[in-house]
Amino acid sequence: MAMMKMKIYGYRLRALLSTSLSSSPFHSVPSRTFSSSSFENVGFIGLGNMGSRMANNLLKAGYKMTVHDVNCNVMKKYSDMGVSTKQTPSEVAEASDVVITMLPSSSHVLNVYNGPDGLLQGGDLLTPQLFIDSSTIDPQTSRKLAVSVSNCILKEKKENWENPVMLDAPVSGGVVAAEAGSLTFMVAKICNNLAMAISMLGLSEALALGQSLGITASTLTKIFNSSSARCWSSDSYNPVPGVMQGVPSSRNYSGGFASKLMAKDLNLAAASAEEVGQRCPLTFLAQNIYTEICNDGHETEDFSCVFQHYYSGKGERN
């Protein structure tokens, strides 16, 4: 499949999307340029920990927002702020030039798009030019939805557009980056998180082995960070309690990226590997380890807790 890059220049969604977006390779469409006037009306569906912060950045940037969430209390909060709230995704679509979704799983995304009163329930005629799904879901679902969206026609032809477009654009950076408006939008998040999980497992295994051999984790970390073993997990997100401040391991693995979310992404990676017949032995090993971590009651702890709960590593005193 050919990779198609959609360059999005000059439009004020930079409050949320601060760099050019690459679209998913799942559906190839001609390259298009968006002007700032294209997206004056922004719809947002999914106002949880991530979505609410993303939406808030758009509000601060002065966009006219229309939002929807299944949580009535969240809807009331935005309504009290003067934001237009809608009871269904289809109503959001009717009021928006672009619709952003930030949802927990593939099933939620499918329901928002194809369910009763979903985004695509207006038939073949749609109002939004662009649909951006920032959920982390399986590629197969993204493919199907991208095709469904592109088969529709815009109710109003805009800037020589006749068909709407969907971008598969999951994010990286967590709640802190969502709050700061510095999220990275990705087209291969499953692969990124797969690499991140395997890297964390490899580092944790090496540190735990070193401890068993009488070498402190802080000493090993200094060695790693001065040699070819240096990686993000060692120099920016160290899993050993007491080695690094300001990371989840320094606060009993609270905050950060929950192990259950890593397990979910590894399940998606494993399913994708099976579908295309790709040999990925480390993927399935990582999947099993994080599934075990979750089953042992650590699903809400940061994924770096694997050092302590799987490898039985020890923390260090400051």
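Taking the helices alone, the chain has a mean residue ellipticity at 222 nm of -12000 deg cm²/dmol, built from -39,500 (n - 2.57) per DSSP H run of at least 4 residues and averaged over all its residues. The fraction of accessible area contributed by carbon and sulfur in the chain is 51 percent, rounded to a whole number (1.4 Å probe; ligands and nucleic acids excluded). Suppose we keep just the DSSP beta bridges with both residues in the chain; what percent of those would be antiparallel, to 5? Restricted to the chain, the bridges split so that about 15 percent are antiparallel. Charged neighbours of Thr291, selected by a Cβ distance under 14 Å, balance to -2 (K, R count +1; D, E count -1). For the residue pairs Lys77/Lys157; Lys189/Lys222; Lys64/Lys264, the C-alpha atoms sit more than 32 angstrom apart in Lys77/Lys157; Lys64/Lys264. Exposed loop sites were defined as GluC sites (Glu not before Pro) in DSSP loop states (anything but H, G, I, E or B) carrying at most 11 other C-beta atoms within 10 Å; in the chain the longest segment without such a site runs 163-318.
May I ask for the net charge around Ala229, where only other residues with Cβ less than 14 Å from the Cβ of Ala229 are counted and Lys, Arg are +1 while Asp, Glu are -1? The answer is 0.
Residues whose amide H comes within less than 5 Å of that of Gly43, counting only those at least five positions distant or on another chain, are Thr66, Asp97, Val98, Val99, Ile100 (H built at 1.01 Å from N in the peptide plane). A 1.4 Å probe run over the chain, with the rest of the protein chains in place, finds 47 Å² accessible per residue.
Which of these values of Rg and Dmax of the Cα atoms in Å was calculated from the structure shown: (1) 21.3, 82; (2) 19.1, 59; (3) 21.3, 70? Checking each listed value against the structure points to (3). Other residues within the sphere of radius under 12 Å centred on the Cβ of Gly242, judged by their own Cβ, net out at +2 (K and R +1, D and E -1). For Lys144, the aspartates and glutamates whose Cα falls under 16 Å of its own Cα, not counting residues fewer than eight places away in the same chain, are Asp124, Asp133, Asp168, Glu275.
The values are calculated or read from the model by the stated rules, or taken from the named source; none is laboratory data. As the structure is a prediction and not an experimental result, all values here were calculated from the model. Every residue, glycine as well, gets a Cβ built from its backbone with ideal geometry; the counts of neighbours run over all protein chains shown. Only protein heavy atoms, including side chains, enter the accessible area calculation; ligands, DNA and RNA are left aside. Shrake-Rupley method; radii C 1.70, N 1.55, O 1.52, S 1.80 Å.
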